[in-house]
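The values are calculated or read from the model by the stated rules, or taken from the named source; none is laboratory data. All figures in this text were calculated on a predicted structure; none of them were measured in a lab. Quick reminder, even Gly has a Cβ in these numbers, built from the backbone with ideal geometry, and neighbours come from all protein chains shown. Quick note on the areas: whole protein, heavy atoms, side chains included, nothing else; ligands and nucleic acids left out. Shrake-Rupley method; radii C 1.70, N 1.55, O 1.52, S 1.80 Å.
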Amino acid sequence: FESANGEKFYVNYRASSGSHASSLTSKGRAALGTSFKWVGAPNRGTSYDLISNCVGIMATKDSTVVNFFGYNPSCFFRLGANQAGITDDAITVTLNAGQTYLLEAPVTAANSPNAAGFIGASITSNKDIAVSVGQMHYQPTAGQGTQDMGFDQIIPESALGNEFVF
């Protein structure tokens, strides 16, 4: 998003279904950085055609090299229609300004390594990036009776303080 004359603005993405809803607000330049940690919640549900854990990144400059690592090496990621098309223990992509990359870890069966293995990872880059993480369809317990959404734009490690609210 870009304003016509450089005016300040904010962007808010809202999603909902009959069962749940969530909202993601852009954090602007404060969200840009080169080193991130992301943590998600275990996705223990059984709606295997719906649940997954995701990370999306956007480059701000050309020739940005992004590294994903530190997740369970048994995890697999979607590549097009192939749910297990990427099985690498670490992933590196190169993007130009404005390009994005989405890494999705679908939860395809009971005891899938993606249910709890891709709920944390390190993300580093050689130039500033923005990172959004989460689950569009999250089921915290086995069965299909509980579900929610949970996603956010995270801030870089350099912006983290030492006081937290739970």
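Among the candidates P113, P156, P73, P106, the residue that is at negative phi and touching a Lys or Arg at 6+ places or on another chain (Cβ under 8 Å) is uniquely P106. Here is a check on your reading of the model: is T146 open to solvent by 60 Å² or more (accessible area, probe 1.4 Å) and of a type in the set (V, I, T)? No. Only one entry of V55, V131, V93 meets the criterion of being touching a residue at least 24 places away in the same chain (Cβ under 8 Å), open to solvent by less than 40 Å² (accessible area, probe 1.4 Å) and under 15 Å from P42 (Cα atoms), and that entry is V55.
Considering segment 34-131, the qualifying strands (runs of 3 or more DSSP E), each wholly inside and each with 1 or more residues that are aromatic (F, W, Y), run over 64-69, 77-79, 100-106. Just one of the listed residues (G120, G150) is within 15 Å of the chain's Cα centre (by Cα), at pLDDT below 85 and more than 20 Å from T34 (Cα to Cα), and it is G150. Looking at (1) out of contact with any Leu (no Cβ under 9 Å at 6 or more places or on another chain); (2) of a type in the set (S, T, N, Q); (3) at pLDDT below 80, which is the only condition N12 fails? All conditions are met except number (1). Looking across segment 58-90 at every residue that is within 15 Å of the chain's Cα centre (by Cα) and open to solvent by less than 10 Å² (accessible area, probe 1.4 Å), the one that is farthest from F118 (Cα to Cα) is identified as A59.
On inspection, G18 fails the criterion of being open to solvent by 60 Å² or more (accessible area, probe 1.4 Å), assigned to a loop (DSSP other than H, G, I, E, B) and modelled with pLDDT of 80 or more.
The set of residues in segment 62-77 being over 21 Å from D152 (Cβ atoms) and in contact with a Leu (Cβ under 9 Å, 6 or more places away or on another chain) consists of D62, S63, T64, V65.
Test V107 against the criterion of being open to solvent by less than 50 Å² (accessible area, probe 1.4 Å), under 15 Å from the mean Cα position of the chain (by Cα) and in contact (Cβ under 8 Å) with a residue 60 or more places away in the chain, and give yes or no. Considered against the rule, which asks whether it is open to solvent by less than 50 Å² (accessible area, probe 1.4 Å), under 15 Å from the mean Cα position of the chain (by Cα) and in contact (Cβ under 8 Å) with a residue 60 or more places away in the chain, V107 comes out as yes.
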